[in-house]
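Have a look at the structure below before the remarks.
Values quoted throughout were computed directly from the atomic coordinates according to the rules given, and no laboratory measurement underlies them. Given the structure is predicted, the values throughout are model-derived calculations rather than measurements. Cβ placement follows ideal geometry from the backbone for every residue including glycine, while neighbour counts extend to all protein chains displayed.
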Amino acid sequence: MSVDATAEEQVMWQGRFITARKRGNWEYVSRARGIHAAVILAVDEDDHVLLVEQYRVPLGRPCIELPAGLVGDDDDKRGEDPATAGARELEEETGYRAERIEVIGEFWSSPGMVSESFTLLRAHGLTKVGDGGGVDSEQIVVHRVPLAGIADAVARWRAEGYAIDVKMLTLLGGALLG
């Protein structure tokens, strides 16, 4: 499909968090109000990785993911730093606090369909400070998995019908763990 980069962008529909857009004959979705995500790669001193499981409505099933959350999604958080949001989300979702958050970089998970980016963060110096589970009605289940067994855990979850978020490839590839 050819794309006319000079074509005017049209908003086809806008909700609180997403916007359906069209440019020429290309349709895609973006986050509303410039919101993006912070994704946290958290490996503790025992080489266990912190993962979260939560039901994802678009998939119709639970998904295994790295802890993550939206940056600047509330009016009082506009202009929020991704590392600050990531530290907050890590604690809310997993119950662990990081001594230090390292920014790895900005990435796009499905650029042919969604313009949303995420900032990948690495959490260092983890301390358990609570149960996690998220806020409001998130109902997040925390998994602490030995890094050496991540491929087997992912294979087991897939066999059990769980969805596996694409960002889990950072663990399977191992390039960012050094």
Worksheet item: With the contact rule set at Cα under 8 Å and sequence spacing of 6 or more, what percent relative contact order holds for the chain?
Response: 23 percent
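Helix-derived [θ] at 222 nm for the chain: sum -39500 (n - 2.57) over DSSP H runs of at least 4, divide by residue count, nearest 500?
On the way: 3 runs with 28 residues, N = 178.
Counting only the DSSP helices, I get -4500 deg cm²/dmol.
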Practice prompt. Note down the nm distance, to one decimal, between modelled labels 7 Å out along Cα→Cβ at residue 162 and at residue 143.
Written response: 0.2 nm
Worksheet, complete the sentence: Exposure proxy check on 170, 19: fewest-to-most Cβ neighbours within 10 Å is 19, 170
Discussion item. As I understand it, the dipole of the chain uses +1 on the Cβ of Lys and Arg and -1 on the Cβ of Asp and Glu, about the Cα centre. Which of 168, 120, 143 lies farthest toward its positive end?
Written reply: 168
Worksheet item: Among 55, 28, what is the fewest-to-most ranking by other Cβ atoms within 10 Å?
Response: 55, 28
Worksheet item: Under unit Cβ charges (Lys, Arg +1; Asp, Glu -1), what dipole magnitude, rounded to 20 debye, does the chain have relative to its Cα centre?
Response: 460 debye
Discussion item. Could you give each residue of segment 89-100 its phi-based ³J(HN,Hα) in whole Hz, using Karplus coefficients 6.51, -1.76, 1.60 with θ = phi - 60°, and x for Gly or Pro?
Written reply: 5, 4, 5, 4, 7, 10, x, 10, 10, 9, 5, 8
Practice prompt. Calculate how steeply helix 150-159 sits against the longest principal axis of the alpha-carbon atoms of the chain, using the helix alpha-carbon long axis, and give the answer as 0 to 90 degrees to the nearest 10.
Written response: 60 degrees
Worksheet, complete the sentence: Of the candidates 101, 159, 42, the farthest towards the positive dipole end of the chain (Lys/Arg Cβ +1, Asp/Glu Cβ -1, centred on the Cα centre) is 159
Worksheet, complete the sentence: Quick note, segment 40-149: a/c under 1.5 would make it rounded; otherwise a/b > b/c is prolate and the rest oblate (a ≥ b ≥ c, C-alpha gyration tensor); here it is rounded
Worksheet item: Applying the Karplus parametrisation 6.51 cos²θ - 1.76 cosθ + 1.60 with θ = phi - 60° to the phi angles of segment 16-23, what ³J(HN,Hα) value in whole Hz is obtained for each residue in order, glycine and proline being reported as x?
Response: 5, 10, 10, 9, 8, 10, 9, 10
Discussion item. At 7 Å along Cα-to-Cβ for each site, give me the label-to-label distance between residue 23 and residue 108 in nm.
Written reply: 0.8 nm
Worksheet item: Between segment 55-133 and segment 10-45, how many Å separate their Cα centres?
Response: 15 Å
